[in-house]
Amino acid sequence: MATSVMPGETADETLLSRIVAGDAESFAAFYDRHCGILYGVACRILQNEADAQDVLQEACVLLWQRASHYDSSLGKPLSWAVTLVRNKAIDRLRSDQRRGAAVDRASDQQDILPVAPTDCGLGQAAAADTGLMVQEALKKLPPEQQEALGLAFFGGLTHLELASRLGAPLGTIKARIRRGLLALRDALEGRL
């Protein structure tokens, strides 16, 4: 499907606006383009491929239903989709923990880099390239920002849990994450 992009608009924003209008082909194109990175985020948090697949499916349903809630002033469509997946994965972890059936799999993670997707069809090669770019950008951040971002986004910890675990004030944790995200955005601007 050819995607015509208006001036100042990205291909993802165009796809998202078409998703709002109910265009299933645009949804499929957005999914094919980003499923690898989204699946990688879910896998990293949940450490279980079956759960990650379920969470990705749930997040995609949300993306379809809530596409009209996307606000371009708050970030790019991919960032919004990653947040949906991350939040769904954290919800799954917490649900499992409340039932007493889950082991805290994310807290022992030392490596903050996203896992490579294992099975996602057309988006696999693009996701690998994106993952490498993100890894390079993460390595350039100060260690305290790397740690905070890794535990928050790939470990599934909340700001309060991070503050407790790292023994730092909540405001400091929020500032580290914010500065790290801004630095990542600047480093990846125009590359994704």
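The values are calculated or read from the model by the stated rules, or taken from the named source; none is laboratory data. Everything numeric here is computed off the predicted structure, so don't read it as measured data. Please note: Cβ atoms are built from the backbone with ideal geometry, for glycine as well, and neighbour counts cover all protein chains shown.
Is one or more of the residues making up the range 24-44 without any contact (Cβ under 8 Å) to a residue 12 or more places away in the chain, assigned to a loop (DSSP other than H, G, I, E, B) and more than 23 Å from L151 (Cα to Cα)? Spell out how you get there, then give the answer.
The initial filter retains those residues of the range 24-44 that are without any contact (Cβ under 8 Å) to a residue 12 or more places away in the chain, namely 24, 28.
Then keep just the ones that are assigned to a loop (DSSP other than H, G, I, E, B); that gives none.
The answer is no; no qualifying residue exists.
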Does any residue of the range 145-158 turn out to be exposed (fewer than 14 other Cβ atoms within 10 Å of the Cβ) and either at pLDDT below 80 or part of a helix (DSSP H, G or I) (or both)?
no
Can you find, within the range 57-81, the residue that is nearest to G155 (Cα to Cα) among those that are hydroxyl-bearing (S, T, Y) and assigned to a helix (DSSP H, G or I)?
S79
Quick test for you: out of D54, D23, D32, pick the one residue that is of a type outside the set (A, V, I, L, M, F, W, C), surrounded by 14 or more Cβ atoms within 10 Å (Cβ to Cβ), at pLDDT 90 or above and more than 25 Å from F154 (Cα to Cα).
D23
Please enumerate the residues belonging to the range 159-192 that are assigned to a loop (DSSP other than H, G, I, E, B) and either surrounded by fewer than 16 Cβ atoms within 10 Å (Cβ to Cβ) or free of Cβ contacts under 8 Å to residues at least 40 places away in the same chain (or both).
G167, A168, P169, E189, G190, R191
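Of the residues that make up the range 91-114, is at least one under 11 Å from the mean Cα position of the chain (by Cα) and either modelled with pLDDT of 90 or more or among the hydrophobic types (A, V, I, L, M, F, W, C) (or both)?
No: zero hits.
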